[in-house]
Amino acid sequence: MVGILVHGNNHFILRGPPPKEAEALALARHWSVIQIGDVKSPTCDRWEIRANEFRENLEWAMVVPGDREISEGAAELLDELMARGIVIAKCSRGCW
């Protein structure tokens, strides 16, 4: 499965199952701060960032609140997914 994790004005296209809220928070924390040479957390093992993916392949979406508004591009993509009938899951709190 492929989906989108949106965190504030950043987003990640991920291959893996739809994350539960705690997993989405951990993923947003892990990938929002670049840590050169850091080993991927075992919590994130089920997901892989995709550099190239067709938007038609997206099957899930999760939004984690951030300190900035969702970018225009990510908001447009979320609108497209909703129009296709995909439920946009939203975390109740931010990851920080």
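The values are calculated or read from the model by the stated rules, or taken from the named source; none is laboratory data. These numbers come from a predicted model, not from an experiment. Virtual Cβ from ideal backbone geometry, glycine too; neighbours counted across all protein chains shown.
Assess whether Ala61 counts as being surrounded by 14 or more Cβ atoms within 10 Å (Cβ to Cβ), touching a helix residue (DSSP H, G or I) at 6+ places or on another chain (Cβ under 9 Å) and at pLDDT 95 or above. For Ala61, the condition - surrounded by 14 or more Cβ atoms within 10 Å (Cβ to Cβ), touching a helix residue (DSSP H, G or I) at 6+ places or on another chain (Cβ under 9 Å) and at pLDDT 95 or above - is met. Report, by residue number, each residue of segment 77-88 that is modelled with pLDDT of 95 or more and not β-branched (Val, Ile, Thr). Those that are modelled with pLDDT of 95 or more and not β-branched (Val, Ile, Thr): Leu78, Asp79, Glu80, Leu81, Met82, Ala83, Arg84, Gly85. Within segment 43-61, the set of residues being acidic (Asp, Glu) and not in a strand (DSSP E or B) comprises Asp45, Glu53, Glu56. Looking across segment 62-83, the residues that are closer than 16 Å to Leu14 by Cβ and assigned to a helix (DSSP H, G or I) come down to Ala74, Leu77, Leu78, Leu81. Of the residues making up segment 37-51, those that are within 15 Å of the chain's Cα centre (by Cα) and either modelled with pLDDT under 85 or farther than 13 Å from Leu14 by Cβ (or both) number 3.
Looking at segment 24-36, can you tell me whether even one residue there is at pLDDT 90 or above and among the hydroxyl-bearing types (Ser, Thr, Tyr)? No, every residue in segment 24-36 fails to be at pLDDT 90 or above and among the hydroxyl-bearing types (Ser, Thr, Tyr).
Restricting attention to segment 71-88, the residues that are over 17 Å from Pro18 (Cα atoms) and either of a type outside the set (A, V, I, L, M, F, W, C) or in contact with a Gly (Cβ under 9 Å, 6 or more places away or on another chain) (or both) total 6.
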